[in-house]
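Report on the structure given below.
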Amino acid sequence: MKIAVAKGDGIGPEIMDAVLGIFNAASVPLQYEFIEMGKTYFEQGHSTGMTPQAKEVVESLGILFKGPMETPKGKGMKSINVTARKTWSTYANRRHFQSLPGVDTVFSKAGIPIDITIVRENIEGTYGGIEHLNTNDVAICRRIISRPGSEQVVRFAFEMARKEGFTKVTCAHKANIMKLTDGLFLETFQEVAKEYPEINSNDIIVDDLAMKLVARPHEFQVVVLTNLQGDIMSDLCAGLVGGLGFAPSANIGDNISIFEAVHGTAPDIAGKLLANPTSLLLSGLMMLRHLGYVKQAAEIENALRYTLEQGTHTADFGDRTIAPSNTNEFADAIIKNLGQKPEFSKPRDAKNDVKLFVKPAKPAKQKMMETTKDATAKKIAGVDFFIETALLGPEIADKLKLHLGTNQELTMISNRGTMVWPTGSVFTECVNHYRVRVEGEMSQQEIYILLSSVSKDFYIPSHEVLRVYGEKKGYSLAQGQ
Ligand code: NAI
């Protein structure tokens, strides 16, 4: 089997060479096609940070094993890592956080082992990067949560649990506040969970999760979250097991998957052979398991754990009374220990009956994932529009009333989500960006006639149509409404 490999920038080449050396010593039956991707290729004028040939190789092989990469700062370039994950629809970001021997943490000292897998939605949410400066004082960011996008990542989490023997999957969210976006993610989770009755499923508010991960981490096995919440919680988990140096990451899609370390290019130690290759090695082991090479992955993981138990460590962690190894010495120690099993933790099972990965055929065109749920009986019930003004609620209402058509009722004006008209509090502090709600059955054309009229008095940076799907309101109420 052949995979694409990009060594990356900074410490990337040092740790990638160390990991591939371990793979070769363990007779991993992989061939590598090295591709041109990273900072140098940005500088040569490739706006995505990779050459067209590199893109073609990844798309034809379906697997990319990559070292960390630097995005040049302040030149308007988008992160090569985020671009790669999004372009190739790697919708599930799987990160594994486990206690490792020799890596001291408050939990290892208390004898509490940690083994948590975070599955983070990798494409949408705030990472759509859809942001606008609506007024000189107010910026907004649109957070897109879709039913198909949520279903992909939730289904991945349950399939992974079924295949790998996890007994519990938890959905973390903020559906108590964001009832429509996080509500959709949670609703999708609950629907998909019904198809996996043998797996315990539950949900938790994300701030409660943050507290419980720190207080009782051993209660969690698999946690699935939306993009930004997953990003934050996975770094919290990295902290629980000793830092980003021990956190592997897999970006899984239906066609292409990317395996990489969680940490960056560590420019402060690049070229000095001081880097710890563990995170990239653990990411490589996730890749071997994904490809079906579970026997080789188990052998290497057992050798890594045994090596750590012996006190072998790089300069960034471990027992200070034992001299640190450099990157190559650390990798050589693992190679020497291939065949050994860890004594103080459960050795990895070396089952060999797993099917090998088969690359799906290249899709002929982009995929539309529309569902039919709530697709019928859509009705317009009004419009919310935003206006820029330094006037206060009652003055705005008086001006707006002059523009309303028949069957159109001004029902609410809010500022930063808090209602300021028809009722409100004098203690509410306002900014120059209001939301106005006009309700009534109206056509899309009538909405534009209304907005056109209002635009004579106010600047309207954006608007949202109020829609009802069957019985369900497709819009939230203002605080205080
Ligand atoms: P960083 O993770 O590169 O470094 C933070 C600190 O951790 C540094 O002190 C570094 O020496 C240390 N460190 C990181 N990895 C290590 C390892 N394997 N062994 C020993 N020590 C290690 O984060 P930073 O400095 O914020 O970012 C540096 C560059 O990396 C930036 O250009 C950033 O954009 C890029 N980056 C790339 C990522 C990727 O390719 N997936 C992810 C994160 C950052």
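The values are calculated or read from the model by the stated rules, or taken from the named source; none is laboratory data. Computed from a predicted structure; not experimentally measured. Ideal geometry is used to build each Cβ from the backbone, glycine not excepted, and the neighbour counts take in all protein chains shown. Side chains included, ligands, DNA and RNA excluded: accessible areas come from the protein's heavy atoms. Shrake-Rupley method; radii C 1.70, N 1.55, O 1.52, S 1.80 Å.
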Please state which of the following conditions C237 fails to meet, knowing it meets all the rest: (1) in the same structural domain as G62 (by TED's automatic domain parsing); (2) in contact with a helix residue (DSSP H, G or I) (Cβ under 9 Å, 6 or more places away or on another chain).
-> (1)
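Have a look at K39, K7 and point out the one that is within 14 Å of the ligand (Cβ to nearest atom), in contact (Cβ under 8 Å) with a residue 24 or more places away in the chain, open to solvent by 50 Å² or more (accessible area, probe 1.4 Å) and closer than 30 Å to V294 by Cβ.
Details: K39 fails: closer than 30 Å to V294 by Cβ.
Only one candidate qualifies: K7.
Looking only at the stretch 273-287, filter to residues that are in a loop (DSSP other than H, G, I, E, B) and among the hydrophobic types (A, V, I, L, M, F, W, C); which one of those is farthest from the ligand (Cβ to nearest atom)? Steps first, please.
The initial filter retains those residues of the stretch 273-287 that are in a loop (DSSP other than H, G, I, E, B), namely 273-277.
Next, only the ones that are among the hydrophobic types (A, V, I, L, M, F, W, C) stay: 273-275.
Working: L273: 11, L274: 6, A275: 4 Å.
Among them, the one singled out is L273.
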Cβ-Cβ under 6 Å pairs, at least 6 apart or on other chains, the stretch 305-320 side over 16 Å from A247 (Cα atoms) and open to solvent by 40 Å² or more (accessible area, probe 1.4 Å), far side at pLDDT 95 or above and within 14 Å of the ligand (Cβ to nearest atom) = A315/L274; A315/P324
Which residues, counting only those in the stretch 137-166, are out of contact with any strand residue (DSSP E or B) (no Cβ under 6 Å at 6 or more places or on another chain), open to solvent by 60 Å² or more (accessible area, probe 1.4 Å) and more than 13 Å from L225 (Cα to Cα)?
-> D137, E159, R162, K163, E164
Taking the stretch 42-95 and keeping residues within 10 Å of the ligand (Cβ to nearest atom), within 18 Å of the chain's Cα centre (by Cα), surrounded by fewer than 24 Cβ atoms within 10 Å (Cβ to Cβ) and in a loop (DSSP other than H, G, I, E, B) leaves S79
Selection from the stretch 425-452 of residues under 22 Å from N415 (Cα atoms) and open to solvent by less than 30 Å² (accessible area, probe 1.4 Å) yields N432, H433, Y434, V436, R437, V438, G440, I447, L450, L451
In the stretch 454-475, anything open to solvent by less than 30 Å² (accessible area, probe 1.4 Å) and more than 28 Å from D182 (Cα to Cα) is listed as V454, F458
Does L291 fit the bill of being more than 13 Å from the ligand (Cβ to nearest atom) and free of Cβ contacts under 8 Å to residues at least 40 places away in the same chain?
-> no
Note on Y293: of the conditions (1) within 20 Å of G62 (Cα to Cα); (2) at pLDDT 95 or above, unmet is (2)
Reported set for the stretch 423-459 where residues are under 16 Å from K379 (Cβ atoms), touching a residue at least 60 places away in the same chain (Cβ under 8 Å) and part of a loop (DSSP other than H, G, I, E, B) is E441, M442, S443
Looking across the stretch 342-370 at residues that are crowded, with 16+ Cβ neighbours inside 10 Å and in contact with a Pro (Cβ under 7 Å, 6 or more places away or on another chain), the single one that is farthest from L20 (Cα to Cα) is S345
Go through E124, E131 for me and flag whichever is in contact with a strand residue (DSSP E or B) (Cβ under 6 Å, 6 or more places away or on another chain) and touching a residue at least 24 places away in the same chain (Cβ under 8 Å).
-> E124
